[in-house]
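Participant: Next up is a structure, given as structure tokens.
What follows is calculated from the coordinates using simple rules that are stated; it is not laboratory data. Please read these numbers as outputs of a predicted model, since none were measured by experiment.
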Amino acid sequence: MASKSAQIEHLQNVKLFSGCSKRDLQHVARAGDVITMTAGTTIVDQGQMGREAFVILSGTVAVHRGGRKITTLGEGDVVGELSLLDHGPRTASAICEEECSLFVLDQRHFRKVLEDQPAIAFKLLGTLAGYIRSLDRKYFG
């Protein structure tokens, strides 16, 4: 099992947390757990309600939408991050292509971190705004 310091190092490479300090990431790391899933295991299933997100620490994950593979994710990528913000349905399925080590963070614990450390929420909002601007430029110029 990865130490909390190793988890923090992994979280530093996650785009979602790019605006967070090492101290911020210590709070996030304490709120989650590391799990291992075998090849072929479904992490999330499209259409199901989600309540947690998964940071890929090692291994690769195939993402399928509407039954079609749309991408492969690896170390530092996040699966299910929208579930940290709402209770909506999963927008895609994610399946381990090989054994994966994942940092799992559920919505309840994540919200507690944000309540205790509200500055983290503002940093995440800045990162999310950057994503939206990037998508806007991509699709609308």
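Participant: With Kirkwood's inverse mean 1/r over C-alpha pairs for Rh, give me the Rg to Rh ratio of the stretch 57-111, two decimals please. Numbers along the way, then the final one.
Facilitator: Values: Rg = 11.8 Å, Rh = 12.0 Å.
Looking at the stretch 57-111, the ratio lands at 0.98.
Participant: Please work out the ratio of the alpha-carbon Rg of the stretch 4-126 to 2.2 N^0.38 Å and round it to two decimals.
Facilitator: 1.01
Participant: With θ set to phi - 60° and the Karplus curve 6.51 cos²θ - 1.76 cosθ + 1.60, what are the ³J(HN,Hα) couplings of the stretch 15-30 in order, to the nearest whole Hz, using x for Gly and Pro?
Facilitator: 3, 4, 9, 4, x, 8, 7, 4, 5, 4, 5, 4, 5, 5, 4, 5
Participant: Next up: Please list the non-local residues whose amide H lies under 5 Å from the amide H of Ser58, H modeled 1.01 Å from N, same-chain partners needing a gap of 5 or more.
Facilitator: Amide H neighbours of Ser58, under 5 Å, 5+ apart: Ser101.
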